[in-house]
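Below is one structure, written out as structure tokens, with a few remarks after it.
The values are calculated or read from the model by the stated rules, or taken from the named source; none is laboratory data. Please read these numbers as outputs of a predicted model, since none were measured by experiment. Don't worry about glycine lacking a Cβ; one is built from the backbone with ideal geometry, like all the others, and counts go over all protein chains shown. Side chains included, ligands, DNA and RNA excluded: accessible areas come from the protein's heavy atoms. Shrake-Rupley method; radii C 1.70, N 1.55, O 1.52, S 1.80 Å.
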Amino acid sequence: MPKHRISLVLIVAALVLSPLACAAQGAAEAQKLYLEGKYDEARRACLEGIRLAPDDIESYVVLSWSLLALERYADAENYALKGYAVRRDPRLTEALGEAAFRLGRNDAALRNFQNYVSAVPEGGRVGLAYYYMGETYVRLARFAHADICFSSALQYSPGNAHWWTRLGWAREKAGDPVHALDAYEKALSIDPRLEDAKSGKERVDARLR
């Protein structure tokens, strides 16, 4: 092949691939910004990535997470659905669960969280999904189910004092003061300043006397 034709092929390839390469680089930068807590900057980086490559699933995922962190729940749901139409990525399923939970749609939240943990039992947000499932069951006054979900969440994040406190609350409401006390004491062993755990322990101690 003549040199000028080889050069032309390379130029065309570069023009085709450069938006994809830029989008991939943008998604990586957006994730870095997200992990640094710069959620609005991450949001803008993801939108630019999607503009360059509308099927860039990583940008949709990080965008959904960023919008959730920014408490823009309807927007998070909207973009997660758009991304899910591109690819049925389980991370977007989990994001849809969080958005539904925040928007007060309990059935949709549970459905999406259950689909997520079934699809990727060791996924990076499985603990969080179980936690939100527990909170959803608390809303529904199904405290035994909440106990199971909070307990599952703590298998992934055993050092989370808030989650231990919520487990104690679920057990207390389910009429299980002995195991509620265990959970509150575990929370206080992690964070002795946690007021909800302190008051929960005091209530249960008084009940068990």
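A Cβ-based charge dipole, computed about the Cα centre of the chain with Lys and Arg at +1 and Asp and Glu at -1, lands at about 280 debye.
Using a Gaussian network model of the chain whose springs link C-alpha atoms within less than 10 Å, name the residue from 35, 63, 128 with the highest mean-square fluctuation. For the chain, modelled as a Gaussian network with Cα springs under 10 Å, the answer is 35.
Report in % the part of the accessible area of the chain that belongs to carbon and sulfur, leaving out ligands and nucleic acids; probe 1.4 Å. Display every interim value, and only then the final one.
On the way: 6120 of 11270 Å².
About 54 percent, which is the carbon plus sulfur part of the accessible surface.
Quick one: angle between helix 57-69 and the longest Cα principal axis of the chain, in degrees between 0 and 90, rounded to 10, please. So the helix axis and the longest Cα principal axis differ by about 40 degrees. Mean projected area of the Cα convex hull of the chain, taken over all directions, amounts to 14.3 nm².
List residues of the stretch 95-110, by number, whose backbone nitrogen lies under 20 Å from a label position 7 Å along Cα→C-beta of residue 173. Taking a point 7 Å out along Cα→Cβ of residue 173, the residues of the stretch 95-110 whose backbone N falls under 20 Å are 98-110. Structure remark: mean-square fluctuation, Gaussian network model of the chain, C-alpha springs under 10 Å; the largest value among 146, 119, 99 belongs to 119. Helix-only arithmetic for the chain: the sum of -39500 (n - 2.57) across DSSP H runs with n ≥ 4, divided by the residue total, places the mean residue ellipticity at 222 nm at -27000 deg cm²/dmol. Against the main long axis of the alpha-carbon atoms of the chain, helix 90-102 sits at an angle near 50°. With springs only between Cα atoms under 10 Å, which of 110, 70, 92 fluctuates most in a Gaussian network model of the chain? Per the Cα network of the chain with a 10 Å cutoff, 70 tops the list. If the cut-off is 24 Å between C-alpha atoms, which lysines fall inside it for residue 82, apart from same-chain ones fewer than 8 positions away? Qualifying lysines at Cα under 24 Å: 32, 38.
Rounded to the nearest whole Å², what accessible area per residue is found for the stretch 152-209 with the 1.4 Å probe? Per residue, the stretch 152-209 has an accessible area of 56 Å². Scaled against 2.2 N^0.38 Å for its residue count N, the alpha carbon radius of gyration of the stretch 89-209 is 1.07.
The distance linking the stretch 130-177 with the stretch 33-103 is 27 Å (Cα centroid to Cα centroid, whole angstrom). Using the 1.4 Å probe convention, the accessible area of the stretch 27-118 works out to 48 Å² per residue with neighbouring protein chains retained.
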